[in-house]
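Take a look at the structure below.
The values are calculated or read from the model by the stated rules, or taken from the named source; none is laboratory data. Nothing here was measured: the structure is a model prediction, and the numbers come from that model. Here the Cβ positions follow ideal geometry from the backbone for every residue, glycine too, while neighbour counts run over all protein chains shown.
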Amino acid sequence: MTDRAGDLWAGYFDEGIHGDALSAPGLRRWSITGEPLWSYSPVPDAGWIDDCYALNVAGRTAWVCPYNRFPLIEVNEARVVRVRQNPVRGANGLAVLGERAVFFSGYGDDRNRLVDCRLTETSVAPVAESRLVRPDGGRLGRRRIVSRGSRIHVQVKPFTEWFVFDLA
């Protein structure tokens, strides 16, 4: 996912993180020409990234919610800015706008869950929960998820339907 300057942010999943030096940090930023610019190193309250479950890039900031403790990590182009403790587990989508964040997905029956949260300096505080459904009220089923700024894009199998949740 590219930021406003054209740098590429890449989040990696467990097979790469635990088997390849290139993806081992779990999150990296690359230049437009493919030069490595930054890679994640464990910080207090966040630990290692075992799997980049949710990644969002807005402006020059990347937001990541990694397995297995699921903290919300905010990163600018040069360093981890903030780590917020997060009670929401298993989210694959993340929309961020100001002091709000919405997490999408989860495990089991929570696959279509939306959790609206308030961001404090140190934590994520859930304030409401709902479900994302098709316009006819049906479940979404198998899908692809991409997050960008205040939006979560959901493409539903057979991947001919595209839904957008916008926090703005």
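Brief remarks on what is shown
- Condition check for residue 146: β-branched (Val, Ile, Thr), outside any loop (DSSP other than H, G, I, E, B) and more than 21 Å from residue 14 (Cα to Cα): no
- Count of the stretch 31-62 residues which are in a strand (DSSP E or B), in contact (Cβ under 8 Å) with a residue 40 or more places away in the chain and either more than 21 Å from residue 19 (Cα to Cα) or more than 10 Å from the chain's Cα centre (by Cα) (or both): 8
- Restricting the stretch 72-94 to residues that are buried (at least 20 other Cβ atoms within 10 Å of the Cβ) and not aliphatic (A, V, I, L, M), the residue that is nearest to residue 43 (Cα to Cα): 84
Let's see how each residue does on (1) of a type in the set (Gly, Ala, Ser); (2) under 22 Å from residue 96 (Cβ atoms); (3) at pLDDT 95 or above:
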{"site": "10", "(1), (2), (3)": "yes, yes, yes"}
{"site": "20", "(1), (2), (3)": "no, no, no"}
{"site": "29", "(1), (2), (3)": "no, yes, yes"}
{"site": "43", "(1), (2), (3)": "no, yes, no"}
{"site": "71", "(1), (2), (3)": "no, yes, yes"}
{"site": "74", "(1), (2), (3)": "no, yes, yes"}
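- Close pairs from the stretch 131-160: first closer than 18 Å to residue 95 by Cα and without any contact (Cβ under 8 Å) to a residue 24 or more places away in the chain, partner of a type in the set (S, T, N, Q) and assigned to a loop (DSSP other than H, G, I, E, B), Cβ under 6 Å, at least 6 apart: 131/112
- Unique match (being among the small types (Gly, Ala, Ser) and in contact with a Gly (Cβ under 7 Å, 6 or more places away or on another chain)) among 54, 5: 54
- Matching residues, the stretch 134-155, being of a type in the set (A, V, I, L, M, F, W, C) and either at pLDDT 95 or above or in contact with a Ser or Thr (Cβ under 9 Å, 6 or more places away or on another chain) (or both): 145, 146, 152, 154
- Flag if residue 60 is basic (Lys, Arg), crowded, with 20+ Cβ neighbours inside 10 Å and at negative phi: no
- Close Cβ contacts (under 7 Å, 6 or more residues apart or on different chains) running from residues in the stretch 70-93 that are part of a strand (DSSP E or B) to residues that are charged (D, E, K, R) and modelled with pLDDT under 95 comprise 83/45; 85/45.
- The single condition among (1) in contact (Cβ under 8 Å) with a residue 24 or more places away in the chain; (2) surrounded by fewer than 21 Cβ atoms within 10 Å (Cβ to Cβ); (3) over 30 Å from residue 128 (Cβ atoms) that residue 112 does not satisfy is (3).
- Residue, farthest from residue 149 (Cα to Cα), within the stretch 1-18, restricted to residues that are surrounded by 15 or more Cβ atoms within 10 Å (Cβ to Cβ) and touching a Lys or Arg at 6+ places or on another chain (Cβ under 9 Å): 12
- Verdict on residue 21 being closer than 29 Å to residue 168 by Cβ and either free of Cβ contacts under 8 Å to residues at least 12 places away in the same chain or surrounded by 15 or more Cβ atoms within 10 Å (Cβ to Cβ) (or both): no
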